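No lab work stands behind these numbers, since they all come straight from the coordinates. These numbers come from a predicted model, not from an experiment. Every residue, glycine among them, receives a Cβ derived from its backbone with ideal geometry; neighbour counts consider all protein chains shown.
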Amino acid sequence: PGCQIDVRLRSHQERAELVIEDNGPGFSPEIAQRVFQRFVKGKHSPGNGLGLAFVDAVIQAHGGTVKIADRTGGGANVTVSLPLGNTAPAKTSGSSAARDDRHSADVAARA
């Protein structure tokens, strides 16, 4: 039989929370400490160990957090939290910021 995955999305204290849980083996203690580092993966994982490192970097760039835990009774829990509303991440490139500002102005002009 396969693994069951539950996904929930809610707003909580001006943040969006995405909670993903499964009934698999969870995170081994030696991996849990380093799971957000590049190239860290489980012993039987077919991946390259980049997935959660990438998720963590993207979520942090948008002012959020991602946490992992083992579920009581077995399985894993991954919780992603992002700010709601008009909270924008810090602009890191002038060309990107200018493009975002032009897009916002175009949308406002059409409204």
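Using R0 = 30 Å, the C-beta based FRET efficiency linking THR65 and GLU30 works out to 0.85. Computed from label points 7 Å out along Cα-Cβ, the spacing between THR79 and PHE54 is 2.6 nm. The simple Förster model, with R0 at 25 Å and r as the Cβ-Cβ distance, assigns CYS3 and THR72 a FRET efficiency of 0.90. Taking only the Cα atoms of region 6-85, the ratio Rg/Rh comes out at 0.98, with Rh defined as the Kirkwood radius.
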